[in-house]
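Engineer: The structure that follows is given in the form of structure tokens.
The values are calculated or read from the model by the stated rules, or taken from the named source; none is laboratory data. Not measured: the values here are computed from a predicted model. So basically every Cβ, Gly included, is an ideal-geometry build from the backbone, and we count neighbours across all protein chains shown. These area figures cover heavy atoms from the full protein model, side chains too; ligands, DNA and RNA do not enter into them. Shrake-Rupley method; radii C 1.70, N 1.55, O 1.52, S 1.80 Å.
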Amino acid sequence: MVLNNIEDLLEKYENGETTLKEEQQLKHYFSQETVAPHLEMYKSMFTYFLGNQQEQFTKDIPLKTKRTFNYKWIAVAAVAVLMLGFYFKEPMITSYEEYAYGTFNNPEKALDEVTKSLAMISSHFNKGTSTVNYLNEVNKGRATLGYLNEIENTTSIIFKN
């Protein structure tokens, strides 16, 4: 009778329909030395549950308080930066003003400026052409494929005859 009751409780336990009192009965039954041989597999599970109930977590968990970010200070900083920008603003010199006031009136300075500009353009152009060098490899591959196409055309002519 007790064995039938335990089997019924196990079936209810697997379906999640047991009460706490019924689970205590199961834990008590499986904590005994003698358990029915066909129910031996449940013994380790319920003894684990009994041992696990006695464990306690003793480490302190620090609680982190949530810091709220004050967006008003960002607005104040932005206004301060803008005010400093307007206060220390220097007028920008345009290329026409440079030309009119003597930068390009001196031929040596003009030659230096042109040389610097052309050197910069040349360095950027060299970087661009070095990255495009892989196209030569593509052309070599295309030439090889053209050679293979000629072989395929020749073999197709031979096999047609």
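Engineer: So which of 125, 86 is exposed (fewer than 10 other Cβ atoms within 10 Å of the Cβ), modelled with pLDDT of 75 or more and not charged (D, E, K, R)? Full working, then the answer.
Structural biologist: Details: 125 fails: exposed (fewer than 10 other Cβ atoms within 10 Å of the Cβ).
After ruling out the rest, the residue left standing is 86.
Engineer: Right, another one. Name every residue in the range 58-80 that is open to solvent by less than 100 Å² (accessible area, probe 1.4 Å) and part of a helix (DSSP H, G or I), in order of residue number. It would help to see each step written out before you state the result.
Structural biologist: Within the range 58-80, the subset open to solvent by less than 100 Å² (accessible area, probe 1.4 Å) is 70, 74-80.
Once the filter is applied, which keeps residues that are open to solvent by less than 100 Å² (accessible area, probe 1.4 Å) and part of a helix (DSSP H, G or I), the range 58-80 yields 74, 75, 76, 77, 78, 79, 80.
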